[in-house]
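No lab work stands behind these numbers, since they all come straight from the coordinates. Just so it is clear, the structure is predicted and the values come from calculations on it, not from any experiment. Here the Cβ positions follow ideal geometry from the backbone for every residue, glycine too, while neighbour counts run over all protein chains shown.
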Amino acid sequence: MKGAVVLLWLLPSLIHAAKLPTPKKSPSQSAAINDEIQKLSEQLYASDVNRADSGDIILNLQHKVSSSQTGTGTDFCSQKLFKYVNEAKLFARPTFARLISLLDNYVKHTGTVEIVSKEEIQEETTFIKEIFKTSIMKQLSSFLISKGYYTSIESFENDFREMWFGLFTRSKGPLDSSGFEHVFHGEIHKGKIAGFHSWVNLYLLEKAGQIDYLSYSADGPWSGYPDVFAFQFKWSTYVKTLSSLFLGSSPEFDIAMYTLCYVTQPDKMCTVKLGGSTLKIQTYSWPNSSYGSGKRYLSTSYPNI
């Protein structure tokens, strides 16, 4: 939430013009192999105790579009996507509540500097602390430490904050973006919706009358939650032609899956396994600036369905 006292994060190496060399991994780092990533992702899927149960979310999918129709911006659905969400149950859970407290912290248009107040910094800290209490993040931490990506939970937590919440510029000017804003809140960039891979924000903005659901183009093989969908919608007058996201998952599950793939297989298609079914997750780093010793900010991550 916006506070009266504001400050700019002064992050290192935020020059946009020159591309930076690809950071090298430590020689002692033991890279996670595909089978290990899939095994861990199954464990994280099973450990998502804060996920929605079958009756907690009721969707009204309506019209499924073909691939040729996804980019038209045509409204094929006269009714809302979400018929019901058990807010009293789900949003009272600490990690959901902490996520929701972050969603009004951002200016959705790129090109406008993100001013971060002391209160907002505290909200980020509280969110990170809360999700790191969960079994999902504890398992992820142990795995990444065991594979040599980090030396301790503290070093992972510190890097996690920078990769997700560190500010950079998508517009060759002001510090207007972060990986977290892009993925969990969404942005308007060059006249289009960019990012926006959070079912929680999609629901809240549709409820508030700011999202107009247009259609869906993909529904994953999962019969329960977390599930994976691809939707088309308008945010104000701006169109998202393909927004793929986990649905019914907890915030810690979403961010753990994206972090797992980003740390172990950045800028690649990462294969995970959830409930016996495989899924591809695409990650991208931001190539034009860095933090720490040449590390890259997370630019985006999403299910590829």
Study note, to complete from the structure: Those cysteines in the chain that have no second cysteine Cβ within a distance under 4.7 Å are C77
Study note, to complete from the structure: Sequence order, the range 208-220: Karplus ³J(HN,Hα) from phi using 6.51 cos²θ - 1.76 cosθ + 1.60, θ = phi - 60°, Hz rounded, Gly and Pro as x, gives 7, x, 9, 10, 10, 6, 9, 4, 10, 10, 7, 9, x
Practice item. Work out the FRET efficiency for T125 and S78 from their Cβ-Cβ distance, taking R0 = 35 Å, and round it to the nearest 0.05. Key: 0.25
Practice item. Treat every Asp and Glu Cβ in the chain as -1 and every Lys and Arg Cβ as +1, leave all other atoms uncharged, and give the resulting dipole magnitude about the Cα centre to the nearest 20 debye. Key: 600 debye
Exercise for review: Would you please classify the overall shape of the range 58-137 from the alpha carbon gyration tensor, given that a ≥ b ≥ c denote the square roots of the eigenvalues, rounded means a/c under 1.5, and beyond that prolate means a/b larger than b/c while oblate covers the rest?
Suggested key: oblate
Review point. Given springs between every Cα pair under 10 Å in a Gaussian network model of the chain, which of S285, S236, S215 has the largest fluctuation?
Key: S236
Exercise for review: Can you tell me the dipole magnitude for the range 252-305 around its Cα centre, using point charges on the Cβ only (Lys, Arg +1; Asp, Glu -1), in Debye to the nearest 20?
Suggested key: 160 debye
Exercise for review: Determine the shape class of the range 127-249: with a ≥ b ≥ c the square roots of the Cα gyration tensor eigenvalues, call it rounded for a/c under 1.5, and otherwise prolate if a/b is greater than b/c, oblate otherwise.
Suggested key: oblate
Check your understanding: So what's the back-of-envelope 222 nm ellipticity for the chain, counting only DSSP H runs of four-plus at -39500 (n - 2.57) apiece and dividing by all residues, rounded to 500?
Key -> -8500 deg cm²/dmol
Point to revise | Distance between the range 31-105 and the range 252-300 - C-alpha centres, whole angstrom | key: 18 Å
Revision key, fill the gap. Once Lys and Arg are counted +1 and Asp and Glu -1 for all other residues with Cβ under 12 Å from that of Y302, the total becomes +1
Practice item. Would you mind getting me the FRET efficiency between I33 and D53? Use the beta-carbon distance for r and R0 = 30 Å, nearest 0.05. Key: 0.35
Revision key, fill the gap. Along the dipole axis of the chain (charges at Cβ: +1 for Lys and Arg, -1 for Asp and Glu; origin at the Cα centre), the most positive-end residue among Y45, Y291, I211 is Y291
Practice item. Set Lys and Arg Cβ to +1 and Asp and Glu Cβ to -1, take the dipole of the range 171-305 about its Cα centre, and tell me which of Y238, Q282, N201 lies farthest positive. Key: Q282
Review point. Relative to the Cα centre, what is the charge dipole magnitude of the range 216-275, using +1 at the beta carbon of each Lys and Arg, -1 at the beta carbon of each Asp and Glu, and rounding to the nearest 20 debye?
Key: 160 debye
Study note, to complete from the structure: Residue span L242 to A208: 0.36 nm per residue of separation minus Cα-Cα distance leaves a gain in nm of 10.1 nm
